[in-house]
1. Rounded to the nearest 100 Å², what is the sum over both chains of accessible area buried where A meets B, with a probe of 1.4 Å?
2. Determine the relative contact order of chain B: mean sequence separation of Cα pairs under 8 Å and six or more apart, normalised by residue count, in whole percent.
3. Taking H placed 1.01 Å from N in the peptide plane, check which residues at least 5 places from B:A415 or on another chain put their amide H under 5 Å from its amide H.
4. So, taking all protein chains as they sit and a 1.4 Å probe, how much accessible area belongs to B:E256, in Å² rounded to tens?
5. As a quick test, which of the pairs A:K193/B:K445; A:K20/A:K106; A:K193/B:K444; B:K118/B:K257 have an alpha carbon distance above 26 angstrom in this structure?
6. Could you sort A:421-427, A:118-124, B:405-411, A:107-113 so that the peptide with the highest average Cβ count within 10 Å comes first and the rest follow in order?
7. Taking each residue in A:423-431, count the Cβ atoms of any other chain within 10 Å of its Cβ, then average. What number comes out?
8. Under 8 Å for C-alpha pairs, at least 6 residues apart: give me the relative contact order for the range A:53-183, rounded to a whole percent.
Protein chains: 2
Amino acid sequence: MEDKAQIQEAIKSQGEVVRKLKSEKANRKQIDEEVAKLLALKAQLGGDDGKHQFVLKTAKGTRDYNPKQMAIRERVFSAIVGCFKRHGAETIDTPVFELKETLTGKYGEDSKLIYDLKDQGGELLSLRYDLTVPFARYLAMNKITNIKRYHIAKVYRRDNPAMTRGRYREFYQCDFDIAGQYDAMIPDAECLKIVHEILSQLDLGDFCIKVNDRRILDGMFAVCGVPDDKFRTICSTVDKMDKMPWEDVKNEMVKEKGLSEEAADRIGHYVSMQGGKDLAERLLQDQALSHSQQACAGLADMKLLFSYLQLFQVTDKVVFDLSLARGLDYYTGIIYEAVLTQAGGAPAAEEGVGVGSVAGGGRYDGLVGMFDPKGRKVPCVGVSIGIERIFSIMEQKAEASAERVRTTEVQVLVAAAQKNLLEERLKLAAALWDAGIKAEVMYKKNPKLLSQLQHCEESGIPLVAILGERELKDGVVKLRVVSTREEVDVSRADLIGEIRKRTSEAETIRPAQPLTLQGSSSRPL
Amino acid sequence: MEDKAQIQEAIKSQGEVVRKLKSEKANRKQIDEEVAKLLALKAQLGGDDGKHQFVLKTAKGTRDYNPKQMAIRERVFSAIVGCFKRHGAETIDTPVFELKETLTGKYGEDSKLIYDLKDQGGELLSLRYDLTVPFARYLAMNKITNIKRYHIAKVYRRDNPAMTRGRYREFYQCDFDIAGQYDAMIPDAECLKIVHEILSQLDLGDFCIKVNDRRILDGMFAVCGVPDDKFRTICSTVDKMDKMPWEDVKNEMVKEKGLSEEAADRIGHYVSMQGGKDLAERLLQDQALSHSQQACAGLADMKLLFSYLQLFQVTDKVVFDLSLARGLDYYTGIIYEAVLTQAGGAPAAEEGVGVGSVAGGGRYDGLVGMFDPKGRKVPCVGVSIGIERIFSIMEQKAEASAERVRTTEVQVLVAAAQKNLLEERLKLAAALWDAGIKAEVMYKKNPKLLSQLQHCEESGIPLVAILGERELKDGVVKLRVVSTREEVDVSRADLIGEIRKRTSEAETIRPAQPLTLQGSSSRPL
């Protein structure tokens, strides 16, 4: 801890900073941040009692997961990992920070949201912003040209958090990617199949997967008369079409970004289009678009994609939508985004959580080459599941259904009916643990039987193995079923088998199990 | 990216820094770090071709996990989590960074190893240094007074990495802790039982769990005549006894830390002692120690601990060792450390990896109170499994045994014997996925049958479902067992059942399964 006078000095100058910002009417966020620093300094100094007062909180935009949230999180991860493994994916892990230069130049304007580490001597480091760039770095560094991998890990963005809607500064990404030189659209179609499987299985309500292609967008911009150097910025305006009416989008293009009104109207004509394979076929005949080689290549691939999606029987949820743009710089081909279109099991009032984007991705054939000293490319396509929003929805569903979420898997509590049986309880518990039974004892010398039974009720433990003078004398244990209050004497020799038998049913519905696959095996081969 | 001239300027001034350090004969580490910065700058500038050259590496002291390492990692985690769950633990998660002040004053001298984030406006943040302090912050913040939880997550220390020995700057911790006001030594004994179970189950070779108590150490220092203000520093010297001979330890106490020779000799008398319950009993009779209330309390608890450990049948591996000190400031009672005493299955030449500390922990009754505004204490005891060293050992064992580690769980490859069957392959794969079968197809329109079979050999896929003109006509699939090359025709209707039947055996030995519990159920009740 720094010395008191030093802190007081710091408080004084920080106070000046805040006053100055306020007098300059600086933006709210900046003032808030400086005030937070001031309060932190004051807290460091402590109150009248001279004790250091801590600000008891997690960092802005982050949260702890309590055991109940963890149980839900494990359930969701288990379903998603199950799907990735079903499709033959391996998994890798990369460090939470990368050399700063590894992230430089990959995220366009969003680079300002990257967390840097303090220069404490040595390399300059940043926290990873996504899992895609570290994946590309990993491939280039290890000269890997073929891999199908998933990676579930936390990423970091100094964004404005909207935590009630599941938007954090620290959040999980759940990525599945296929790297390698393959025939067109086969891995791309599998990525969409995976999104379809996961969203169906998690039962989040109705959803829709929008697809488009960077080449179609770029070709469209070209034939609409957008100057080359405005492709990116116009693209990011198009990306807002799901949030604003066309008039506002057009306004931004024309007034803010200096596009001609005619060009904007031509764009407006295309971006209102939605369809399937038929739309791709129709646009291949489009007079203007057919002048763009890029657009034609994208449209031909879109047609092919839909033919594969038909084989996968997922076209019911997939829409070719020319207004889908997606922000990231590195996409080169197909792009997609899955959105929830109706609040699944969640209460209608919470509309903000139950709808919106829950998965996204696309093809990025150039990214690995950016890391290779000789620029060798490794074509990649992948998808990222928006797991935080899914957690929020699942939590709300659990709340709403008043579902009892168990946070442990304990099968049996070893209890005593009388005093002075601690040693016997510990001996029995050890024997159960060594036999692989999930068991607890209460950490009191002489707990009351009632409080032991209450503990079982509260944490959902199905069985109690009760020891008493009589049971010890007879060489038995009284096994009690918590839910029915039924009690039977079981000999010591039979106890483990009896516990296994009685909890094997419960096992199949324990929280860590994957959700059942919707419609599994119902389709004829 | 910064502009060229700017970078050249930076290279020039960084060159000056390096030259100056070298001329001053600064320490090696400092020079290395500055040279690294210089090289990074030069790399940024790129070679003659004007392209940006990236330094393709992970940050110092960190590593990627490839799929094989991940498979081993999952196996180890599964065994450890299985044990934690067997003992009824819940799990929580906390953010990777905390407010800087949360970590301040918790780690003594080691605080200099904490990674700070750059001040980018807003709160001052640091990467977590362990999982114990965030756990205490979590308990205080949520006013939790009782919990048994495990937490497996990465922590960060700017230490000098020794990666071949499994020491990294980013590494996993695997913590199990019991918080709550309970009767003496019951939870403490369970922590030791857990260490015993995990190390037995992982089959890492012989091990020994040393135990001691902070109160015994402090009492011993007092009766040996160590001044109060020297307890900590003398304690950290005692901690080196497993690495240096007593003469050197004594030298450090007397010459460096200014302890009297007599006091050092008295300490030497005690710290050479090892034993079990008997030693605790003997020391309770010790003339000098009996003057210390603290020591007596510690010794009485040590006696009690051993009586519980006897019930758990783990005393064969536990040694009361008065030289065990452990560095962290926050311990208040029992402390322990598990060490491997023989290189398990690892080759003898790799002695550095197979031996040494693999778990440690103790009681810290004051830490939560440091976070509570009113100083309310929550007694805690816990253990941290040294998972990185365990990974290293398991990896070496896998290498040495030439064990084939599967990195996917694919049950069947959907293959074609002729050309133009892509559509049929995709249709069949989708049907298998929807039935929950783990299946792959190759992403080529017309892959050769041989290359499809080779893929199975390489990645250990046990079955191939082969489609051909004949099979399609007959409504069957040719199911090939990769290991035996046996082939049978299976009707479409029976295919899923047949695949499930033929892979259910393989399931039980797949890598993700927990290792079998050593000696499970062999002990009579």
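The values are calculated or read from the model by the stated rules, or taken from the named source; none is laboratory data. Everything quoted here is computed from the prediction, not taken from an experiment. Heads up, the Cβs are rebuilt from the backbone with ideal geometry, glycines too, and the neighbour counts pull from every protein chain shown. The area values use the complete protein model at the heavy-atom level, side chains included, leaving out ligands, DNA and RNA. Shrake-Rupley method; radii C 1.70, N 1.55, O 1.52, S 1.80 Å.
1. The A and B chains share an interface burying roughly 10500 Å².
2. Result for chain B is 15 percent.
3. B:A465, B:I466, B:L467
4. 140 Å²
5. Pairs exceeding 26 Å: A:K20/A:K106; B:K118/B:K257.
6. Listed from highest to lowest mean packing, they are B:405-411, A:421-427, A:118-124, A:107-113.
7. Whole-number average of other-chain Cβ neighbours for A:423-431 is 5.
8. Working: 167 pairs, mean separation 35.5, N = 131.
Across the range A:53-183, relative contact order equals 27 percent.
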